[in-house]
Amino acid sequence: MSKLSILILSPAVASSNNGNWRTAERWQRFLAPAGPVRIAQDWQGEDIAAVIALNARRSADSIARLHRDCPHRPLAVVLTGTDVYADNLAADLQVQHALECASHIVVLQAEALRRLKPAQAVKARVILQSAPRLLRHDKSQRSFDLVAVGHLRDEKDPLTLMQAARQLDAQAGLRIIHIGAALDPALGDAARRTMQDCPHYRWLGGLPAATARRWIARSRALVHMSRLEGGAHVVIEALRSAVPVLASRIDGNVGLLGPAYEGYFPVGDAAALTALILRLRAEPAWAARLQAQSAEREPLFMPAAEAGALRVLLADMLSA
């Protein structure tokens with residue numbers, strides 16, 4: 001391979017259709033003008049100019065081998081949500097070793113910087129992810145659709161949405177659309193039971209990313225219930241579609257929406273989420289305020305901004 005080539009380490013493959021893969025694919029496209037960019041799950045000893053590793057924990061083996069065999073090779077380690085928030089970051093030896101090996105550290109929203117040690121923070125920068133703009137076409141739709149997008153697993157806390165659906169009356173036109181594959185079969189069973197009991201709740205299972213994006217763009221709000229998150233791309237997609245978000249108050253959401261945003265509810269609090277849904281429907285002025293707050297953040301997530309930040313990162317890596 002050319003010595004100007006770039007390797008993006010991604011623990012996910014295309015069939016995963018998850019955040020790591022979509023980030024890797026997008027960054028490959030943004031960095032392509034600089035030279036050949038390859039996505040792989042591990043480093044196989046090839047000669048490359050620079051390496052960007054997504055997910056410090058799951059890319060730890062390749063990071064360690066690369067640092068051992070090529071200690072001066074520019075290496076950026078990107079901390080994803082599970083790296084930063086799933087466990088005690090300071091006690092995770094795999095992640096800590098990956099950060100020691102890194103010449104550069106990237107986090108995906110500013111709140112994550114607070115989790116780093118001073119020596120790590122010196123090497124760190126924030127690169128906000130992006131999404132193309134996609135506005136809904138039918139603003140006069142009769143149904144009042146709320147959409148949640150995320151595979152059914154504990155970190156995404158789908159049960160809180162299902163509990164909220166059970167607390168809501170089947171008000172005229174109100175629908176909760178839940179998109180995501182059942183990675184936990186028990187959660188899939190819970191979604192099917194909720195559909196049987198609550199006609200206004202619809203679980204659509206896993207859908208292609210473009211289809212899920214269209215559902216978000218047509219909705220009145222995105223609901224994002226996660227317990228753990230590094231900076232969800234679906235939140236960014238909602239902002240780029242002028243759709244407000246009802247979000248759990250966790251660092252990954254606050255880092256994207258801002259601390260003053262009014263659409264938060266406590267993690268796992270179905271009653272609080274229900275209250276926000278009812279307020280969004282009953283108070284057009286408050287809904288407009290959420291949309292205005294979202295619009296203030298939206299320019300941060302333009303593709304040109306992310307591409308520019310990546311080009312600066314690569315230039316810094318190569319100059320170092």
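Since every read-out is calculated from the coordinates, none of them should be taken as a lab result. Quick caveat: nothing in here was measured; it's all calculated off a predicted structure. Ideal geometry is used to build each Cβ from the backbone, glycine not excepted, and the neighbour counts take in all protein chains shown.
Which whole-number percent gives the relative contact order of the chain, counting Cα pairs below 8 Å spaced six or more residues apart?
17
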Taking the Cα atoms of the chain, report the difference between the largest and smallest coordinate on each principal axis, in whole Å and largest first. 63, 37, 35
Dividing the alpha-carbon radius of gyration of the stretch 112-218 by 2.2 N^0.38 Å (N being the number of residues), what value is obtained? 1.36
Neighbourhood net charge (10 Å Cβ-Cβ; Lys/Arg +1, Asp/Glu -1) for Ala238: 0
Helix-only [θ] at 222 nm, the chain, -39500 (n - 2.57) per DSSP H run of 4+, per residue, nearest 500, equals -12000 deg cm²/dmol
Taking the Cβ of Arg281 as the center, what net charge do the other residues with Cβ under 15 Å away carry, scoring Lys and Arg +1 and Asp and Glu -1? +2
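Taking a ≥ b ≥ c as the square roots of the eigenvalues of the Cα gyration tensor of the stretch 207-297, is the shape rounded (a/c under 1.5), prolate (a/b larger than b/c) or oblate? Spell out each step's value before the answer.
On the way: a/c = 1.32, a/b = 1.10, b/c = 1.20.
Taking the square roots of the gyration eigenvalues as a ≥ b ≥ c, the stretch 207-297 is rounded.
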Per residue convex hull volume, Cα only, the stretch 144-301, in Å³ is 94
Using the count of nearby Cβ atoms within 10 Å as a rough guide to exposure, how do Asp83, Asp61 rank from fewest to most? Asp61, Asp83
log₁₀ I(q)/I(0) of the stretch 77-121 at q = 0.14, 0.29 Å⁻¹, via Debye over equal Cα point scatterers, no solvent, to two decimals? -0.26, -1.29
